[in-house]
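First comes the structure, then the notes that go with it.
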Amino acid sequence: MIKREHWGSRLGFILAAAGSAVGLGNIWKFPYMAGENGGGAFLLIYLALVFTIGLSVMLAEMVIGRMAEKNAIGAFAKLKGGAWPLVGLCGVAAAFIILSFYSVVAGWTISYMVKSITGALAIEDPAALGSIFGGFIADPVSPLIYHAIFMALTVFVVLSGVGSGIERASKILMPALFALLLVLIVRSVTLPGAGEGIAFLLSPDFSKVTWATVSEALSQAFFSLSLGMGAMITYGSYLSKKENIASSAGWVTLLDTSVAVMAGLLILPAVFAFGFDPSAGPGLTFITLPAVFAHMPMGSIFAFMFFLLLGIAALTSAVSILEVVVAYFVDDRGISRKGASITVGVIIFLLGIPSSLSMGLMGEFKIFGLGFFDLMDYVSSKLLLPIGGLFISLFVGWVVWGKAKEDIAAHNGVVPFWINGWGIIVKFIAPLAIAFILLKGLGVL
Ligand code: PHE
Ligand code: NA
(Lines give C-alpha, C1' and ligand atoms only; values in the text may rest on other atoms or scores of the structure.)
(Ligands and ions follow the chains in the order given, each with its own letter.)
Protein backbone atom coordinates (compact mmCIF):
# COMPACT_ATOMS: atom_id res chain seq x y z
CA MET A 1 0.00 0.00 0.00
CA ILE A 2 1.24 3.51 -0.75
CA LYS A 3 1.77 5.71 2.27
CA ARG A 4 -0.95 8.30 2.78
CA GLU A 5 0.00 11.81 1.75
CA HIS A 6 0.66 14.11 4.71
CA TRP A 7 0.56 17.86 5.23
CA GLY A 8 3.96 19.44 4.76
CA SER A 9 4.04 20.97 8.24
CA ARG A 10 1.93 21.70 11.27
CA LEU A 11 1.42 25.25 10.07
CA GLY A 12 0.35 23.89 6.71
CA PHE A 13 -2.31 21.78 8.37
CA ILE A 14 -3.59 24.59 10.59
CA LEU A 15 -3.78 26.98 7.67
CA ALA A 16 -5.50 24.44 5.44
CA ALA A 17 -8.02 23.58 8.17
CA ALA A 18 -8.47 27.28 8.90
CA GLY A 19 -8.81 27.78 5.16
CA SER A 20 -11.68 25.32 5.24
CA ALA A 21 -13.28 27.03 8.21
CA VAL A 22 -12.82 30.65 7.19
CA GLY A 23 -15.06 31.42 4.26
CA LEU A 24 -18.39 32.82 3.23
CA GLY A 25 -19.75 31.50 6.53
CA ASN A 26 -17.77 34.13 8.41
CA ILE A 27 -17.93 37.14 6.15
CA TRP A 28 -21.18 36.74 4.26
CA LYS A 29 -23.32 34.61 6.58
CA PHE A 30 -22.30 35.52 10.12
CA PRO A 31 -23.06 39.27 9.92
CA TYR A 32 -26.51 38.77 8.43
CA MET A 33 -27.34 35.96 10.85
CA ALA A 34 -26.31 38.21 13.74
CA GLY A 35 -28.32 41.00 12.12
CA GLU A 36 -31.44 38.85 11.85
CA ASN A 37 -31.11 37.44 15.34
CA GLY A 38 -30.66 40.46 17.54
CA GLY A 39 -26.91 41.17 17.35
CA GLY A 40 -25.08 40.96 20.68
CA ALA A 41 -27.17 38.22 22.23
CA PHE A 42 -26.64 36.09 19.15
CA LEU A 43 -22.90 36.74 19.31
CA LEU A 44 -22.69 35.65 22.95
CA ILE A 45 -24.67 32.47 22.40
CA TYR A 46 -22.61 31.78 19.31
CA LEU A 47 -19.33 32.19 21.21
CA ALA A 48 -20.55 29.97 24.04
CA LEU A 49 -21.49 27.20 21.60
CA VAL A 50 -18.28 27.52 19.58
CA PHE A 51 -15.94 27.13 22.52
CA THR A 52 -17.80 24.23 24.12
CA ILE A 53 -19.49 22.06 21.53
CA GLY A 54 -17.72 23.44 18.46
CA LEU A 55 -14.18 23.07 19.75
CA SER A 56 -14.93 19.58 21.11
CA VAL A 57 -16.44 18.34 17.86
CA MET A 58 -13.55 19.91 15.92
CA LEU A 59 -11.08 17.87 17.95
CA ALA A 60 -13.28 14.77 17.69
CA GLU A 61 -13.34 14.99 13.90
CA MET A 62 -9.61 15.55 13.57
CA VAL A 63 -8.91 12.61 15.88
CA ILE A 64 -11.22 10.28 13.95
CA GLY A 65 -9.47 11.23 10.74
CA ARG A 66 -5.96 10.83 12.10
CA MET A 67 -6.70 7.48 13.79
CA ALA A 68 -8.24 6.00 10.65
CA GLU A 69 -6.20 7.77 7.95
CA LYS A 70 -9.34 7.51 5.87
CA ASN A 71 -12.10 9.62 4.32
CA ALA A 72 -15.29 10.41 6.24
CA ILE A 73 -17.12 7.20 5.34
CA GLY A 74 -14.10 4.90 5.35
CA ALA A 75 -12.96 6.19 8.75
CA PHE A 76 -16.11 4.98 10.49
CA ALA A 77 -15.96 1.69 8.58
CA LYS A 78 -12.33 1.11 9.55
CA LEU A 79 -12.66 2.10 13.22
CA LYS A 80 -15.92 0.33 13.97
CA GLY A 81 -18.17 -0.57 11.05
CA GLY A 82 -21.80 -1.53 11.61
CA ALA A 83 -24.14 1.37 10.93
CA TRP A 84 -21.48 4.00 11.74
CA PRO A 85 -20.36 4.64 8.14
CA LEU A 86 -23.85 6.10 7.63
CA VAL A 87 -22.65 9.14 9.58
CA GLY A 88 -19.99 9.64 6.94
CA LEU A 89 -22.51 9.01 4.19
CA CYS A 90 -24.75 11.80 5.52
CA GLY A 91 -21.63 13.96 5.54
CA VAL A 92 -20.98 13.23 1.89
CA ALA A 93 -24.61 14.08 1.10
CA ALA A 94 -24.24 17.33 3.06
CA ALA A 95 -21.11 18.10 1.05
CA PHE A 96 -23.02 17.88 -2.25
CA ILE A 97 -25.80 20.09 -0.92
CA ILE A 98 -23.63 22.73 0.75
CA LEU A 99 -21.19 23.13 -2.10
CA SER A 100 -24.04 23.52 -4.60
CA PHE A 101 -25.32 26.74 -3.04
CA TYR A 102 -21.96 27.82 -1.61
CA SER A 103 -20.55 27.97 -5.10
CA VAL A 104 -23.42 30.16 -6.26
CA VAL A 105 -22.63 32.76 -3.59
CA ALA A 106 -18.92 32.41 -4.25
CA GLY A 107 -19.73 33.17 -7.89
CA TRP A 108 -21.33 36.42 -6.73
CA THR A 109 -18.01 37.43 -5.17
CA ILE A 110 -16.20 36.85 -8.48
CA SER A 111 -18.76 38.95 -10.28
CA TYR A 112 -18.35 41.69 -7.66
CA MET A 113 -14.61 41.57 -8.21
CA VAL A 114 -15.22 42.31 -11.87
CA LYS A 115 -17.80 44.99 -11.05
CA SER A 116 -15.32 46.75 -8.77
CA ILE A 117 -12.74 47.01 -11.53
CA THR A 118 -15.23 48.36 -14.04
CA GLY A 119 -16.41 50.97 -11.53
CA ALA A 120 -19.98 49.65 -11.59
CA LEU A 121 -20.02 49.69 -7.80
CA ALA A 122 -18.55 53.14 -7.22
CA ILE A 123 -21.93 54.44 -6.11
CA GLU A 124 -22.66 56.07 -2.77
CA ASP A 125 -26.42 55.57 -2.85
CA PRO A 126 -27.29 52.42 -0.88
CA ALA A 127 -30.63 51.99 -2.62
CA ALA A 128 -28.94 51.93 -6.01
CA LEU A 129 -26.48 49.32 -4.74
CA GLY A 130 -29.43 47.29 -3.51
CA SER A 131 -31.01 47.23 -6.93
CA ILE A 132 -27.72 46.35 -8.62
CA PHE A 133 -27.42 43.34 -6.32
CA GLY A 134 -31.07 42.36 -6.68
CA GLY A 135 -30.89 42.64 -10.45
CA PHE A 136 -27.69 40.63 -10.66
CA ILE A 137 -28.74 37.63 -8.55
CA ALA A 138 -32.13 37.46 -10.28
CA ASP A 139 -30.49 37.29 -13.71
CA PRO A 140 -30.97 33.80 -15.16
CA VAL A 141 -27.59 33.61 -16.90
CA SER A 142 -24.79 35.71 -15.50
CA PRO A 143 -24.69 34.23 -11.94
CA LEU A 144 -24.60 30.74 -13.45
CA ILE A 145 -21.51 31.62 -15.47
CA TYR A 146 -19.73 32.75 -12.30
CA HIS A 147 -20.98 29.65 -10.48
CA ALA A 148 -19.41 27.55 -13.26
CA ILE A 149 -16.13 29.47 -13.05
CA PHE A 150 -15.97 28.99 -9.31
CA MET A 151 -16.70 25.26 -9.50
CA ALA A 152 -14.04 24.88 -12.17
CA LEU A 153 -11.47 26.56 -9.90
CA THR A 154 -12.48 24.33 -7.00
CA VAL A 155 -12.13 21.20 -9.11
CA PHE A 156 -8.75 22.39 -10.33
CA VAL A 157 -7.35 22.80 -6.79
CA VAL A 158 -8.73 19.46 -5.60
CA LEU A 159 -7.37 17.51 -8.52
CA SER A 160 -3.95 19.04 -7.91
CA GLY A 161 -3.87 17.16 -4.60
CA VAL A 162 -3.39 17.90 -0.93
CA GLY A 163 0.05 19.40 -0.59
CA SER A 164 0.61 21.30 -3.79
CA GLY A 165 -2.97 22.47 -4.19
CA ILE A 166 -4.77 22.95 -0.91
CA GLU A 167 -1.88 23.63 1.45
CA ARG A 168 0.05 26.03 -0.74
CA ALA A 169 -2.95 28.22 -1.53
CA SER A 170 -4.02 28.54 2.11
CA LYS A 171 -0.59 29.55 3.35
CA ILE A 172 -0.46 32.75 1.35
CA LEU A 173 -4.05 33.81 1.37
CA MET A 174 -5.18 33.52 4.97
CA PRO A 175 -2.75 36.15 6.32
CA ALA A 176 -3.66 38.54 3.50
CA LEU A 177 -7.35 38.26 4.32
CA PHE A 178 -6.71 39.00 7.98
CA ALA A 179 -4.73 42.14 7.19
CA LEU A 180 -7.27 43.52 4.74
CA LEU A 181 -10.10 42.95 7.20
CA LEU A 182 -8.28 45.04 9.78
CA VAL A 183 -7.89 47.95 7.37
CA LEU A 184 -11.54 47.83 6.38
CA ILE A 185 -12.79 47.63 9.96
CA VAL A 186 -11.00 50.88 10.73
CA ARG A 187 -12.89 52.58 7.89
CA SER A 188 -16.23 51.07 8.88
CA VAL A 189 -16.15 51.91 12.58
CA THR A 190 -15.11 55.50 11.90
CA LEU A 191 -18.06 56.21 9.59
CA PRO A 192 -20.48 58.74 11.11
CA GLY A 193 -23.23 56.79 12.86
CA ALA A 194 -21.23 53.58 13.11
CA GLY A 195 -21.47 53.55 16.91
CA GLU A 196 -24.99 52.21 16.83
CA GLY A 197 -23.82 49.18 14.88
CA ILE A 198 -21.00 48.50 17.30
CA ALA A 199 -23.48 48.72 20.15
CA PHE A 200 -25.85 46.41 18.27
CA LEU A 201 -23.16 43.75 18.03
CA LEU A 202 -21.58 44.19 21.43
CA SER A 203 -24.48 44.91 23.78
CA PRO A 204 -26.74 41.89 24.09
CA ASP A 205 -30.51 42.25 24.24
CA PHE A 206 -31.74 38.92 25.53
CA SER A 207 -35.39 39.86 25.29
CA LYS A 208 -35.38 38.84 21.64
CA VAL A 209 -33.72 35.47 22.18
CA THR A 210 -35.81 32.37 21.54
CA TRP A 211 -34.89 28.74 21.03
CA ALA A 212 -34.99 29.48 17.33
CA THR A 213 -32.15 31.97 17.91
CA VAL A 214 -30.11 29.37 19.79
CA SER A 215 -30.65 26.83 17.05
CA GLU A 216 -29.58 29.39 14.41
CA ALA A 217 -26.41 29.99 16.44
CA LEU A 218 -25.72 26.27 16.66
CA SER A 219 -26.19 25.76 12.90
CA GLN A 220 -23.97 28.73 12.22
CA ALA A 221 -21.29 27.36 14.54
CA PHE A 222 -21.24 24.02 12.70
CA PHE A 223 -21.30 25.65 9.29
CA SER A 224 -18.62 28.17 10.11
CA LEU A 225 -16.26 25.69 11.76
CA SER A 226 -16.78 23.21 8.87
CA LEU A 227 -18.10 20.58 11.27
CA GLY A 228 -20.57 17.75 11.11
CA MET A 229 -19.88 16.49 7.60
CA GLY A 230 -16.41 15.05 7.84
CA ALA A 231 -14.35 17.90 6.38
CA MET A 232 -12.13 17.88 9.47
CA ILE A 233 -12.11 14.05 9.46
CA THR A 234 -10.79 14.18 5.92
CA TYR A 235 -8.20 16.89 6.66
CA GLY A 236 -7.22 15.10 9.90
CA SER A 237 -6.58 11.95 7.89
CA TYR A 238 -3.61 13.68 6.24
CA LEU A 239 -2.17 14.75 9.62
CA SER A 240 0.94 13.06 10.95
CA LYS A 241 1.15 11.61 14.47
CA LYS A 242 3.94 14.03 15.32
CA GLU A 243 1.62 17.01 15.41
CA ASN A 244 -0.15 18.38 18.48
CA ILE A 245 -3.68 17.79 17.32
CA ALA A 246 -5.49 19.48 20.22
CA SER A 247 -3.64 22.73 19.87
CA SER A 248 -4.27 22.65 16.11
CA ALA A 249 -8.01 22.26 16.76
CA GLY A 250 -7.83 25.18 19.17
CA TRP A 251 -6.07 27.41 16.66
CA VAL A 252 -8.50 26.66 13.89
CA THR A 253 -11.48 27.39 16.14
CA LEU A 254 -9.93 30.63 17.35
CA LEU A 255 -9.00 31.84 13.87
CA ASP A 256 -12.42 31.10 12.45
CA THR A 257 -14.18 32.83 15.30
CA SER A 258 -11.94 35.89 15.14
CA VAL A 259 -12.70 36.32 11.45
CA ALA A 260 -16.45 36.05 12.12
CA VAL A 261 -16.30 38.69 14.85
CA MET A 262 -14.12 40.89 12.63
CA ALA A 263 -16.63 40.57 9.80
CA GLY A 264 -19.40 41.57 12.19
CA LEU A 265 -17.36 44.62 13.20
CA LEU A 266 -16.86 45.44 9.56
CA ILE A 267 -20.39 45.03 8.25
CA LEU A 268 -22.74 45.98 11.08
CA PRO A 269 -21.36 49.46 11.86
CA ALA A 270 -21.62 50.26 8.16
CA VAL A 271 -25.16 48.91 8.05
CA PHE A 272 -26.20 51.36 10.74
CA ALA A 273 -24.12 54.22 9.37
CA PHE A 274 -25.92 53.96 6.00
CA GLY A 275 -29.33 53.36 7.51
CA PHE A 276 -29.79 49.80 6.23
CA ASP A 277 -31.89 47.20 7.97
CA PRO A 278 -29.59 44.75 9.82
CA SER A 279 -32.06 41.95 9.20
CA ALA A 280 -31.91 42.42 5.42
CA GLY A 281 -30.55 38.88 5.01
CA PRO A 282 -28.18 37.37 2.46
CA GLY A 283 -27.69 40.59 0.49
CA LEU A 284 -26.25 42.48 3.45
CA THR A 285 -22.56 42.07 2.62
CA PHE A 286 -22.96 42.67 -1.10
CA ILE A 287 -24.94 45.87 -0.63
CA THR A 288 -23.36 47.41 2.46
CA LEU A 289 -19.71 46.93 1.69
CA PRO A 290 -19.74 48.61 -1.71
CA ALA A 291 -21.25 51.61 0.06
CA VAL A 292 -18.33 51.57 2.51
CA PHE A 293 -15.84 51.34 -0.35
CA ALA A 294 -17.52 54.23 -2.14
CA HIS A 295 -16.77 56.33 0.94
CA MET A 296 -13.06 55.51 0.88
CA PRO A 297 -10.21 57.01 -1.08
CA MET A 298 -9.13 54.41 -3.66
CA GLY A 299 -12.36 52.62 -2.85
CA SER A 300 -12.39 50.59 -6.07
CA ILE A 301 -9.01 49.10 -5.26
CA PHE A 302 -10.13 48.13 -1.77
CA ALA A 303 -13.36 46.73 -3.20
CA PHE A 304 -11.45 44.64 -5.69
CA MET A 305 -9.07 43.34 -3.03
CA PHE A 306 -11.90 42.55 -0.68
CA PHE A 307 -13.93 40.52 -3.15
CA LEU A 308 -10.77 38.81 -4.35
CA LEU A 309 -9.87 37.72 -0.83
CA LEU A 310 -13.45 36.71 -0.06
CA GLY A 311 -13.49 34.65 -3.23
CA ILE A 312 -10.24 33.01 -2.21
CA ALA A 313 -11.51 32.33 1.31
CA ALA A 314 -14.55 30.76 -0.31
CA LEU A 315 -12.29 28.71 -2.58
CA THR A 316 -10.27 27.19 0.26
CA SER A 317 -13.56 26.26 1.95
CA ALA A 318 -15.12 24.87 -1.20
CA VAL A 319 -12.02 22.79 -1.77
CA SER A 320 -12.45 21.14 1.62
CA ILE A 321 -16.09 20.37 0.86
CA LEU A 322 -15.27 18.79 -2.49
CA GLU A 323 -12.35 16.93 -0.89
CA VAL A 324 -14.79 15.15 1.46
CA VAL A 325 -16.47 13.54 -1.53
CA VAL A 326 -13.36 13.03 -3.64
CA ALA A 327 -11.38 11.42 -0.80
CA TYR A 328 -14.13 8.85 -0.46
CA PHE A 329 -14.07 7.92 -4.16
CA VAL A 330 -10.28 7.84 -4.22
CA ASP A 331 -9.82 5.81 -0.99
CA ASP A 332 -12.71 3.41 -1.18
CA ARG A 333 -13.88 3.24 -4.77
CA GLY A 334 -10.53 3.18 -6.53
CA ILE A 335 -11.41 6.11 -8.76
CA SER A 336 -8.66 8.50 -9.84
CA ARG A 337 -8.46 11.86 -8.10
CA LYS A 338 -8.87 13.56 -11.44
CA GLY A 339 -11.89 11.57 -12.55
CA ALA A 340 -13.61 11.92 -9.19
CA SER A 341 -12.97 15.67 -8.92
CA ILE A 342 -14.35 16.44 -12.35
CA THR A 343 -17.39 14.18 -12.17
CA VAL A 344 -18.43 15.31 -8.71
CA GLY A 345 -17.74 18.93 -9.64
CA VAL A 346 -20.10 18.72 -12.61
CA ILE A 347 -22.88 17.13 -10.54
CA ILE A 348 -22.54 19.82 -7.88
CA PHE A 349 -22.60 22.53 -10.53
CA LEU A 350 -25.89 21.14 -11.87
CA LEU A 351 -27.37 20.92 -8.37
CA GLY A 352 -26.48 24.59 -7.85
CA ILE A 353 -28.49 25.78 -10.86
CA PRO A 354 -31.91 25.69 -9.17
CA SER A 355 -30.41 27.45 -6.13
CA SER A 356 -29.24 30.28 -8.31
CA LEU A 357 -32.48 30.45 -10.30
CA SER A 358 -34.49 30.59 -7.07
CA MET A 359 -33.24 34.17 -6.72
CA GLY A 360 -35.17 35.13 -9.86
CA LEU A 361 -36.95 32.95 -12.43
CA MET A 362 -37.80 30.22 -9.93
CA GLY A 363 -38.58 32.63 -7.12
CA GLU A 364 -42.16 31.45 -6.79
CA PHE A 365 -41.21 27.78 -6.61
CA LYS A 366 -41.38 26.73 -2.94
CA ILE A 367 -40.84 23.44 -1.17
CA PHE A 368 -42.07 23.39 2.46
CA GLY A 369 -42.51 27.14 2.08
CA LEU A 370 -38.83 27.67 1.20
CA GLY A 371 -37.18 28.63 -2.07
CA PHE A 372 -34.65 26.11 -3.41
CA PHE A 373 -31.59 28.00 -2.14
CA ASP A 374 -33.08 28.38 1.35
CA LEU A 375 -34.15 24.76 1.36
CA MET A 376 -30.60 23.56 0.57
CA ASP A 377 -29.24 25.82 3.29
CA TYR A 378 -31.86 24.64 5.77
CA VAL A 379 -31.46 20.92 5.18
CA SER A 380 -27.68 21.08 5.39
CA SER A 381 -26.93 23.63 8.11
CA LYS A 382 -30.01 23.20 10.26
CA LEU A 383 -30.29 19.42 10.06
CA LEU A 384 -27.42 17.45 8.56
CA LEU A 385 -24.46 19.24 10.18
CA PRO A 386 -25.73 19.31 13.79
CA ILE A 387 -26.97 15.71 13.52
CA GLY A 388 -23.60 14.69 12.08
CA GLY A 389 -21.88 16.46 14.97
CA LEU A 390 -24.07 14.64 17.46
CA PHE A 391 -23.05 11.22 16.15
CA ILE A 392 -19.41 12.21 15.77
CA SER A 393 -19.37 13.14 19.47
CA LEU A 394 -21.04 9.90 20.50
CA PHE A 395 -18.62 7.92 18.36
CA VAL A 396 -15.53 9.43 19.93
CA GLY A 397 -16.99 9.43 23.45
CA TRP A 398 -18.38 5.91 23.53
CA VAL A 399 -16.96 3.83 20.68
CA VAL A 400 -13.29 4.74 20.31
CA TRP A 401 -12.61 6.69 23.51
CA GLY A 402 -9.54 4.71 24.63
CA LYS A 403 -7.87 5.03 21.23
CA ALA A 404 -8.88 8.67 20.93
CA LYS A 405 -7.07 9.46 24.19
CA GLU A 406 -3.95 7.78 22.85
CA ASP A 407 -4.20 9.70 19.61
CA ILE A 408 -4.42 13.02 21.42
CA ALA A 409 -1.24 12.14 23.31
CA ALA A 410 0.55 10.70 20.27
CA HIS A 411 2.91 13.63 19.69
CA ASN A 412 4.55 13.62 23.15
CA GLY A 413 3.11 10.68 25.08
CA VAL A 414 1.46 12.90 27.69
CA VAL A 415 -2.30 12.66 28.21
CA PRO A 416 -3.41 16.27 28.73
CA PHE A 417 -5.05 17.33 31.99
CA TRP A 418 -8.31 18.36 30.32
CA ILE A 419 -8.92 15.00 28.69
CA ASN A 420 -11.77 14.02 30.99
CA GLY A 421 -13.44 17.39 30.54
CA TRP A 422 -13.42 16.78 26.80
CA GLY A 423 -14.67 13.25 27.51
CA ILE A 424 -17.69 14.58 29.41
CA ILE A 425 -18.49 16.98 26.60
CA VAL A 426 -18.33 14.42 23.77
CA LYS A 427 -20.02 11.67 25.78
CA PHE A 428 -22.87 13.67 27.30
CA ILE A 429 -23.01 17.41 26.94
CA ALA A 430 -22.59 17.86 23.20
CA PRO A 431 -25.00 15.08 22.13
CA LEU A 432 -27.66 16.11 24.62
CA ALA A 433 -27.32 19.83 23.94
CA ILE A 434 -27.40 19.35 20.16
CA ALA A 435 -30.45 17.10 20.35
CA PHE A 436 -32.22 19.47 22.71
CA ILE A 437 -31.47 22.61 20.71
CA LEU A 438 -32.47 20.91 17.46
CA LEU A 439 -35.79 19.71 18.81
CA LYS A 440 -36.50 23.07 20.44
CA GLY A 441 -35.58 24.90 17.24
CA LEU A 442 -37.91 22.67 15.22
CA GLY A 443 -40.66 23.33 17.74
CA VAL A 444 -40.92 19.63 18.60
CA LEU A 445 -40.14 20.09 22.31
N1 PHE B 1 -16.76 26.72 7.07
C2 PHE B 1 -16.99 27.22 5.75
C3 PHE B 1 -17.35 28.69 5.84
O4 PHE B 1 -17.48 29.23 6.89
C5 PHE B 1 -18.06 26.45 5.02
C6 PHE B 1 -17.95 24.97 5.15
C7 PHE B 1 -18.99 24.25 5.71
C8 PHE B 1 -16.79 24.31 4.79
C9 PHE B 1 -18.90 22.88 5.91
C10 PHE B 1 -16.67 22.94 4.96
C11 PHE B 1 -17.72 22.24 5.53
O12 PHE B 1 -17.51 29.35 4.86
NA1 NA C 1 -16.27 29.73 8.86
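The values are calculated or read from the model by the stated rules, or taken from the named source; none is laboratory data. Because the structure is predicted, anything quoted here is derived from the model rather than measured. A quick note on method: Cβ atoms are made from the backbone with ideal geometry, for glycine too, and the neighbour counts reach across all protein chains shown. What goes into the accessible areas is simple: the full protein's heavy atoms, side chains included, and nothing from ligands, DNA or RNA. Shrake-Rupley method; radii C 1.70, N 1.55, O 1.52, S 1.80 Å.
Selection of region 30-40 for residues being crowded, with 24+ Cβ neighbours inside 10 Å and within 16 Å of ligand 2 (Cβ to nearest atom) yields F30, P31, M33, A34. In this entry, S20 is excluded by the filter for residues that are away from ligand 1 (no atom under 16 Å from the Cβ) and under 18 Å from the mean Cα position of the chain (by Cα).
Within region 169-187, is even one residue part of a helix (DSSP H, G or I), under 30 Å from S336 (Cα atoms), open to solvent by 10 Å² or more (accessible area, probe 1.4 Å) and among the charged types (D, E, K, R)? Yes: one or more hits. The residues of region 194-239 that are assigned to a loop (DSSP other than H, G, I, E, B) and either charged (D, E, K, R) or over 20 Å from P431 (Cβ atoms) (or both), listed by number, are A194, S203, P204, D205, V209, T210, S237, Y238, L239.
In region 310-325, the residue that is farthest from ligand 2 (Cβ to nearest atom) out of those that are within 16 Å of I149 (Cα to Cα) and of a type in the set (A, V, I, L, M) is L322. Put simply, of T234, T288 the only residue that is polar (S, T, N, Q), near ligand 1 (Cβ under 10 Å from one of its atoms) and over 27 Å from F436 (Cα atoms) is T234. Going residue by residue through region 285-305, is there one that turns out to be within 16 Å of ligand 2 (Cβ to nearest atom), assigned to a helix (DSSP H, G or I), crowded, with 24+ Cβ neighbours inside 10 Å and touching a residue at least 60 places away in the same chain (Cβ under 8 Å)? The answer is yes, given that some residue of region 285-305 is within 16 Å of ligand 2 (Cβ to nearest atom), assigned to a helix (DSSP H, G or I), crowded, with 24+ Cβ neighbours inside 10 Å and touching a residue at least 60 places away in the same chain (Cβ under 8 Å). Considering L265, L254, which residue is under 19 Å from V22 (Cα atoms) and either more than 18 Å from the chain's Cα centre (by Cα) or in contact (Cβ under 8 Å) with a residue 60 or more places away in the chain (or both)? None of the others qualify; the one that does is L265.
Please enumerate the residues belonging to region 100-132 that are without any contact (Cβ under 8 Å) to a residue 24 or more places away in the chain and of a type in the set (S, T, Y). Across region 100-132, the qualifying residues are T118, S131.
Which of the numbered conditions does V444 fail, given that it passes all the others? Conditions: (1) open to solvent by 40 Å² or more (accessible area, probe 1.4 Å); (2) assigned to a helix (DSSP H, G or I). Condition (2) is where V444 drops out.
Could you please give the count of residues in region 133-145 that are without any contact (Cβ under 8 Å) to a residue 60 or more places away in the chain and not polar (S, T, N, Q)? Here the count works out to 4. Taken together, A148, A152, A194, A246 contain a single residue that is more than 16 Å from ligand 1 (Cβ to nearest atom), aliphatic (A, V, I, L, M), open to solvent by 50 Å² or more (accessible area, probe 1.4 Å) and touching a residue at least 40 places away in the same chain (Cβ under 8 Å), which is A152.
Hey, among L86, L11, L43, which residue is within 16 Å of ligand 2 (Cβ to nearest atom) and open to solvent by 10 Å² or more (accessible area, probe 1.4 Å)? Just one listed residue meets the conditions, L43.
Quick check: anything in region 39-51 of a type outside the set (A, V, I, L, M, F, W, C) and without any contact (Cβ under 8 Å) to a residue 60 or more places away in the chain? Checking region 39-51: not a single residue is of a type outside the set (A, V, I, L, M, F, W, C) and without any contact (Cβ under 8 Å) to a residue 60 or more places away in the chain.
Look at region 19-32: where a residue is in contact (Cβ under 8 Å) with a residue 12 or more places away in the chain and a partner is near ligand 1 (Cβ under 6 Å from one of its atoms) and aliphatic (A, V, I, L, M), sitting 6+ places away or on another chain with Cβ atoms under 6 Å, you get S20/A231.
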